[in-house]
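A short write-up of the structure that comes next.
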Amino acid sequence: MAAQAGDRRALDELVAGWLPLVYNIVGRALNGHADVDDVVQETMLRAVGNLGSLRDPDSFRSWLVAIAMRQIRDRARRKTPDRLEEAPASDFADLTVLRLQLEGQRREVAEAVRWLDDEDRQLLSLWWLEVAGELTRRELAAAVGITRQHAAVRVQRMKERLETSRGIVRALDGACPGLRELTGRWDGRPDSVWRKRLARHIRGCGYCGGTRETVVPAERLLVGIALVPLPVGFTLSLAFGGKTAVAATSAGWSAKLLGALTKPAVAVTAGATIVAGGAYVVTQPPDAPPPRAAIAPTATATSEPPRTSAPPAPTPRSSPSATKKTDPYGTVVDAVDRAPDPDTPPAALPRRPESGITSTGGPKAVMQHRGDRVTLTGRGYVLVRWQISPGSRPGALVMPSWTGLTGRLFHVASGGSRRMDDPLPGAPNGYATGMGGPGIGYAVLPPGTQQMWQNEYFYLDGTVTLTQNERGCDYGLIVFPTDRDAVVEDIGQGPPQGAIRYGLVRDTGTDRAPVPQYVTRETPSDPATVPQRSRV
């Protein structure tokens, strides 16, 4: 609504926040074809240009996805036979595997997409994001222009062909002599004819048809996979006072974007910068200082094994305007800790000076949506309580981030009577833990990831802003200024008092105590792009 009313910053946030989603839909639907950039550009151009016609702001995401799908279909109708044979400029399956560091059966699913027909690949581009928690089934059906019932049938048929394609990828990685002989005449480019030939061979081959490991359904593998980040260099930079439409065209973007961004409907009259690769968008007047470069996003989890000891603490990134590096302090929990014995009380919590914390959200700030934030100032303790709702929407967690830090911030304790992977007492059907359960898309944490607790406690000496970056799984944060006595009381509750387990003290009492993984002294336009400091 703010963007429709002419708020430049709101328009920036809209484009920055949803450009990665559009890029993933178009990129996967076209499998990285050279037309991807043009289709993404045209989608965003039409969305910005027609923003004033959107009557229901709550439907913005489904409206944007529908525009993207129309552009994909329009592009398919415009294809000529010679364009039909063009190879992808950069295979999106490879981009997915490399940028998200996929391995095993997740890599197999990504590579199987190559074997789908255009129509199936378009549907899969939406279903993939539905499973990952980025879209709803209602939005998928609306984007394709069919009913939810018809969408269910279409998705089921597409999944069957996807499973067939997974079998082909698996077989091609094998050493079947018969398959090598069959593919001797194959040029290596997946198509429907060879998909049928290879599938027929696999069904009749004891070697290729035999599974040497349990095949996990694709939807379970895709839960938790993030969006593929935009490529570095996917950039438009225009200062309307100094560059012309010719310069815009040479940058690889249509000069029509200039006209769309300067329409009165969105009241952008001065300038625009789109930087992708941790993307954000800034509109600015000609004499405004140039925007700072975006920080490329870092994967929220790696598959490397837990470390046995913590490495030297990384130095916090300093502001681009700083003349020297910010003084280093703190470390991170850089080894995956095991759940402590439920009956083991925590270590003593060191004493730190307290004068109290003020919060822009008051004594109880509830943050339930992407972009909600609270600024904390003072010297004392803060409780961040997690409320994860996978029953509402399962998927990956884009972690909250701490930005604009002045002073020091430490992660001092974990409590709330349970970790998120502990059993959930009195759980409804389908739940097993605080993260969910098999009935609602529960996913086991990948190796090398750190478990959260219900209550996470921090000590602040300065000022910092905490932002909720929800994107996949539905989650909420409740932020309470608190004090040391309340922290000690919470983590000291254990099984004898009816809790699942005692809490855990992380504070060392020094400036080498742990800091949050996602913390920066900078103030990025999109807090979700703050890179993690830890390797877990």
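So the values come out like this:
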| quantity | calculated |
| --- | --- |
| The stretch 123-148: number of residues that are open to solvent by 10 Å² or more (accessible area, probe 1.4 Å), among the hydrophobic types (A, V, I, L, M, F, W, C), more than 17 Å from Arg106 (Cβ to Cβ) and in contact (Cβ under 8 Å) with a residue 60 or more places away in the chain | 2 |
| Any chance Glu470 is of a type outside the set (Val, Ile, Thr), touching a His at 6+ places or on another chain (Cβ under 7 Å) and not in a strand (DSSP E or B) | yes |
| Restricting the stretch 444-491 to residues that are charged (D, E, K, R) and without any contact (Cβ under 8 Å) to a residue 12 or more places away in the chain, the residue that is least open to solvent (accessible area, probe 1.4 Å) | Asp485 |
| Qualifying position, being outside any helix (DSSP H, G or I) and modelled with pLDDT of 90 or more, among Gln517, Gln532 | Gln517 |
| Condition broken by Pro177, with the remaining ones in (1) touching a His at 6+ places or on another chain (Cβ under 9 Å); (2) open to solvent by 60 Å² or more (accessible area, probe 1.4 Å); (3) of a type outside the set (D, E, K, R) satisfied | (1) |
| The lone exception for Glu160 - which of (1) under 15 Å from Glu219 (Cβ atoms); (2) within 26 Å of the chain's Cα centre (by Cα); (3) assigned to a helix (DSSP H, G or I) it fails | (2) |
| Pick from the stretch 1-37, criterion over 22 Å from Leu140 (Cβ atoms), out of contact with any helix residue (DSSP H, G or I) (no Cβ under 8 Å at 6 or more places or on another chain) and in a helix (DSSP H, G or I), ranking: most open to solvent (accessible area, probe 1.4 Å) | Arg9 |
| The stretch 153-172 residues that are modelled with pLDDT under 90, paired with ones that are of a type in the set (Ser, Thr, Tyr) and part of a helix (DSSP H, G or I) (beta carbon under 9 Å, 6 or more apart) | Ala171/Tyr207; Leu172/Thr183 |
| Test set (1) under 15 Å from Pro190 (Cα atoms); (2) modelled with pLDDT of 80 or more; (3) open to solvent by 20 Å² or more (accessible area, probe 1.4 Å) - Asp94 fails condition number | (2) |
| Where Gly494 falls short, out of the listed (1) open to solvent by 10 Å² or more (accessible area, probe 1.4 Å); (2) in contact (Cβ under 8 Å) with a residue 12 or more places away in the chain; (3) of a type outside the set (A, V, I, L, M) | (1) |
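The values are calculated or read from the model by the stated rules, or taken from the named source; none is laboratory data. All of these numbers come straight from a predicted model, not from anything done at the bench. Every residue, glycine among them, receives a Cβ derived from its backbone with ideal geometry; neighbour counts consider all protein chains shown. Quick note on the areas: whole protein, heavy atoms, side chains included, nothing else; ligands and nucleic acids left out. Shrake-Rupley method; radii C 1.70, N 1.55, O 1.52, S 1.80 Å.
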